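Single-structure report; data block below.
The values are calculated or read from the model by the stated rules, or taken from the named source; none is laboratory data. Keep in mind it's a predicted model, so treat the numbers as computed, not measured. Glycine gets a Cβ as well: all are built from the backbone with ideal geometry, and neighbour counts include every protein chain shown. Side chains included, ligands, DNA and RNA excluded: accessible areas come from the protein's heavy atoms. Shrake-Rupley method; radii C 1.70, N 1.55, O 1.52, S 1.80 Å.
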Amino acid sequence: MTGTMTSTVAGTVAGTVAGTAAGTAAGTRIFRARRGTISGERSMPTCRLAALRAGERGRVVRVTSASAPLLQKLLAMAIVPGSEIRVDLAFPAFVFEVGNTRVAVDRAIAQQIEVERIGRVSRCCTPRAITGDPRADGRRGGTNEPSL
Amino acid sequence: MSRRAVAFLLLSGDRDVHALVRHTEGRERYEKVRRIVEQTARRHDRPLSYVIGLKRQEEADVIARRVTQVAPGRKGRFVGVLDFVTLFPPTAIPLLILVVYFGLYRFVGVFGAGTVVDFLERRVFAEVINPAVNALVARHIGSAALRELLAGEYGVVTLGLRYSVAIVLPIVGMFFFMFSVLEDTGYLPRLALMSDRAFKLIGLSGRAVIPMTLGFGCGTMATMVTRTLETRRERTIATLLLALAVPCSAQLGVILGMLSTRPQALLLWAGVVGAAFVLAGYGASRFLPGERPVFYMEVPPLRVPVLSNVLAKTLARMKWYFVEVMPLFVGASAVIWIGRVTGLFQLVLKGLEVPVRLVGLPPEAAFAFLFGFFRRDYGAAGLYDLARAGRLTDAQLVVASVTLTLFVPCVAQFAMMWKERGWRSALAIAAVALAVAFITGYALNLVLAGTGGAP
């Protein structure tokens, strides 16, 4: 979860703003972001959330959307790099548990959430393993593990 | 505000703070700040506000982990089954239909719109309040015009108040109650996620299930609730569909009453209005500019509704209804008064007779259409009278019902459209509804005439 730190970004600006305002630098270390990346994101084989089936679990690696409002909303629902999720339902919408909340998103959003699978698919007949959308597989590109 | 907070807001791109800093620090220094923000943003491939949010979330997680303890979760068996039943499509969809049938149709439609409205309108208003007001006005007000403003057939009290209190209030009250129950159980998000795919076809997301269902109660209220939709585009599409093809409970009641003895006619009406709904939504989603809707929603666990919550929410909404919607109904009867006193209505009536004849209806039906705008159910009731007098064939009855349903919504809903969407959109939507109504009526009339009349 902790990324390496090369610069205290906010520190720079906070310091600068403070400096502009009154001449004191208030360096802050809230930020520890590696250049161009966000802590929690890493380079491991990943797939889209949309590729997971009901019953499967994964860890969010990255949210690829460029839309700031959508990113903020997913952030507010704690869908951030590092969060573990478990898919409850893949059709008609993607329903998954993240932390103590359960979230529903449509396919378009599920395509923009990169995850790494955790463990093997449990194919037992618990209510959790409800329908996987049969069309969910094979339609997307860029997944490293099309099926398990 | 601390400097640190200001710095964060600057980095997040808060416009107000940017303006404030430019104002207090001067242009030159602000430019420096702006450059730093830009340089910082360039070092990240995501918006800075998101980067900050993520870091904040991370810190919050650390703190939360330090101070909280998670007890092993216990999930009741019954709750687990219910959870499954409301999410698994093969059981969730029949359940959805049951909820709509019992919750909406039986409780709100039959009990609210039938029994309660009958009592309030026939007993309370028609027998007690209206005669009293009429008598009072007759005794104390000399001017005939003023008398008509307050009382009589279209008076502010006898029509506006009666309509909003005796007809719409019980319906929306019941509806709010049912809605609050569903809301409190945590079922609504499940309803939304089940219907998301269907709504995507007409340019809306699953969230639209709420205003659309409300529309069968009161279109005016539903138009206001479109506020909860994410984008302007969705709000416009939802407003259009509510105006065009979602009959409100008042209208639905009369149309069902009129066509219920003719099942084929009823089916035809439902089919045509349903098709208009889907086609208009599909068309609007194709032609309106803007992004496609996205759907995301938190799905809360199912809970047993708490009566005090339900009542508090119902009351708060009814209060809102009184403040926001009732004035529109009262205003509508004032507009009727002006129209009648100035003779404007006679003119509009003459104008309406042209399209009415075009769709193959007797010119008297124009009256039903005009008054239908002021009271959606009154329009249908006007047709009902025509039908009973033997002035309409079955085919004409279907054509009239379809045209009236698609026709411009009631004046209160129009006012709400104006208020929520602005005058341009409101007028455009009304024009579309008017055109679609008469074009559909015209086509339907041709088809029915071609196939030999009665359906």
Restricting to the range B:10-28, and then to whatever is out of contact with any Ser or Thr (no Cβ under 9 Å at 6 or more places or on another chain) and open to solvent by less than 70 Å² (accessible area, probe 1.4 Å), can you tell me which residue is nearest to the other protein chains (Cβ to nearest Cβ)? B:10
Go through the residues of the range B:47-57 one by one and say whether even a single one is more than 11 Å from chain A (Cβ to nearest Cβ), over 30 Å from residue B:194 (Cβ atoms) and more than 37 Å from the chain's Cα centre (by Cα). no
Just one listed residue, out of A:82, A:99, is within 13 Å of chain B (Cβ to nearest Cβ), touching a strand residue (DSSP E or B) at 6+ places or on another chain (Cβ under 9 Å), modelled with pLDDT under 90 and closer than 25 Å to residue B:191 by Cα, and it is A:99
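From the list B:350, B:313, which one is open to solvent by 40 Å² or more (accessible area, probe 1.4 Å) and over 26 Å from the mean Cα position of the chain (by Cα)? Can you show your working first?
On the way: B:313 fails: over 26 Å from the mean Cα position of the chain (by Cα).
From the options B:350, B:313, the qualifying one is B:350.
Does the range B:232-243 hold any residues that are over 20 Å from residue B:412 (Cβ atoms) and open to solvent by 50 Å² or more (accessible area, probe 1.4 Å), and which are they? Before the answer, list the steps.
First pass over the range B:232-243, keeping only residues over 20 Å from residue B:412 (Cβ atoms): B:232-234, B:237.
B:232, the sole residue that qualifies.
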Spot the failing condition for residue B:82; the list is (1) more than 27 Å from residue B:255 (Cβ to Cβ); (2) away from chain A (no Cβ under 14 Å); (3) open to solvent by 60 Å² or more (accessible area, probe 1.4 Å), and only one is missed. (2)
Could you please find all residues in the range B:203-217 being outside any helix (DSSP H, G or I) and open to solvent by 10 Å² or more (accessible area, probe 1.4 Å)? B:216
For the range B:344-455, list the helices (runs of 4 or more DSSP H) that sit wholly inside it and hold at least 2 residues that are farther than 25 Å from residue B:275 by Cα; which are they? B:344-358, B:365-374, B:376-388, B:411-421, B:423-450
Got a number for residues in the range A:102-121 being modelled with pLDDT of 85 or more and either more than 9 Å from chain B (Cβ to nearest Cβ) or farther than 20 Å from residue B:301 by Cα (or both)? 12
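Quickly run through the range B:354-370 and pick out the residues that are free of Cβ contacts under 8 Å to residues at least 24 places away in the same chain and buried (at least 19 other Cβ atoms within 10 Å of the Cβ).
Filtering the range B:354-370 for residues free of Cβ contacts under 8 Å to residues at least 24 places away in the same chain gives B:354, B:356-357, B:363, B:366-367.
Matches in the range B:354-370: B:356, B:366, B:367.
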Selected residue (criterion: surrounded by the fewest Cβ atoms within 10 Å (Cβ to Cβ)) from residues of the range B:244-257 that are among the hydrophobic types (A, V, I, L, M, F, W, C) and at pLDDT 75 or above: B:256
Which numbered condition in (1) on the phi < 0 side of the Ramachandran plot; (2) in contact (Cβ under 8 Å) with a residue 24 or more places away in the chain; (3) not hydroxyl-bearing (Ser, Thr, Tyr) is the only one that residue B:290 fails? (1)
Of all residues in the range B:29-45, how many are farther than 17 Å from residue A:72 by Cβ and either polar (S, T, N, Q) or within 10 Å of another protein chain (Cβ to nearest Cβ) (or both)? 11
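Only residues that are among the charged types (D, E, K, R) and crowded, with 22+ Cβ neighbours inside 10 Å: list them for the range B:163-199, please. Give the derivation first.
Of the range B:163-199, the ones among the charged types (D, E, K, R) are B:183-184, B:190, B:196-197.
Listed by number, the residues that qualify are B:190, B:196.
Just to be sure, is residue B:273 out of contact with any Phe, Trp or Tyr (no Cβ under 8 Å at 6 or more places or on another chain) and open to solvent by less than 30 Å² (accessible area, probe 1.4 Å)?
yes
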Go through the range B:316-347 and give me each residue that's open to solvent by less than 70 Å² (accessible area, probe 1.4 Å) and either within 14 Å of another protein chain (Cβ to nearest Cβ) or more than 18 Å from residue B:221 (Cα to Cα) (or both). B:333, B:334, B:335, B:336, B:337, B:339, B:343, B:345
Matching residues in the range B:290-310 (within 13 Å of chain A (Cβ to nearest Cβ) and either within 19 Å of residue A:86 (Cα to Cα) or open to solvent by less than 30 Å² (accessible area, probe 1.4 Å) (or both)) number 9
